[in-house]
1. In segment 64-88, what residues are basic (K, R) and assigned to a loop (DSSP other than H, G, I, E, B)?
2. Could you check S5 against (1) surrounded by 10 or more Cβ atoms within 10 Å (Cβ to Cβ); (2) at pLDDT 70 or above; (3) out of contact with any Gly (no Cβ under 7 Å at 6 or more places or on another chain) and say which number it fails?
3. Tell me yes or no: at least one residue of segment 35-46 is among the polar types (S, T, N, Q), surrounded by 10 or more Cβ atoms within 10 Å (Cβ to Cβ) and at pLDDT below 75.
4. Between residues in segment 63-90 that are in contact (Cβ under 8 Å) with a residue 24 or more places away in the chain and residues that are surrounded by fewer than 10 Cβ atoms within 10 Å (Cβ to Cβ), which pairs lie under 9 Å by C-beta distance while being six or more apart or on different chains?
5. Is it fair to say P80 is exposed (fewer than 10 other Cβ atoms within 10 Å of the Cβ) and within 27 Å of T90 (Cα to Cα)?
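The values are calculated or read from the model by the stated rules, or taken from the named source; none is laboratory data. Worth saying up front: this structure is predicted, and the values here are computed from it rather than measured. Cβ placement follows ideal geometry from the backbone for every residue including glycine, while neighbour counts extend to all protein chains displayed.
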Amino acid sequence: MTRYSAPSSDGIAPKPYVYNQSVGGGLVLIAILFGLLVAVSHPVYTMMAVGAVAVAVSLFRVTAAVGRRLHGRMTELDVPGVGTVQIRVTGR
């Protein structure tokens with residue numbers, strides 16, 4: 001139920017206060033707290049997960065750097081039974 005206050009002397013009613021806290025924000029807070037509890041309870045698994053994320057990020061960066069460096073280059077490979085194959089690295 002929405003409550004409206006009486007108009008002021010200038011005839012303009014103030015806007016009602018809207019309680020705007022979402023349920024999703026509360027669930028995210030609970031998930032973060034639960035994740036911290038699990039991280040503190042299992043430090044070895046936490047370090048393994050952090051290490052895996054670090055390795056994935058570094059591989060992504062290295063792969064992107066190699067792709068930028070090789071952009072436009074052409075390489076020829078001799079494949080037995082097929083012949084010479086030309087490989088060119090291009091962007092999307």
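1. Start the filter on segment 64-88 by keeping residues that are basic (K, R), which leaves 68-69, 73, 88.
Across segment 64-88, the qualifying residue is only R73.
2. (2)
3. First, pick out the residues of segment 35-46 that are among the polar types (S, T, N, Q): 41, 46.
Those still in the list that are surrounded by 10 or more Cβ atoms within 10 Å (Cβ to Cβ) too: 46.
Cutting the leftovers down to at pLDDT below 75 gives us none.
Among the residues of segment 35-46, not one is among the polar types (S, T, N, Q), surrounded by 10 or more Cβ atoms within 10 Å (Cβ to Cβ) and at pLDDT below 75, which makes the answer no.
4. Pairs found: G67/G91.
5. Numbers: exposed (fewer than 10 other Cβ atoms within 10 Å of the Cβ): yes; within 27 Å of T90 (Cα to Cα): yes.
Judged against the criteria, P80 is a match.
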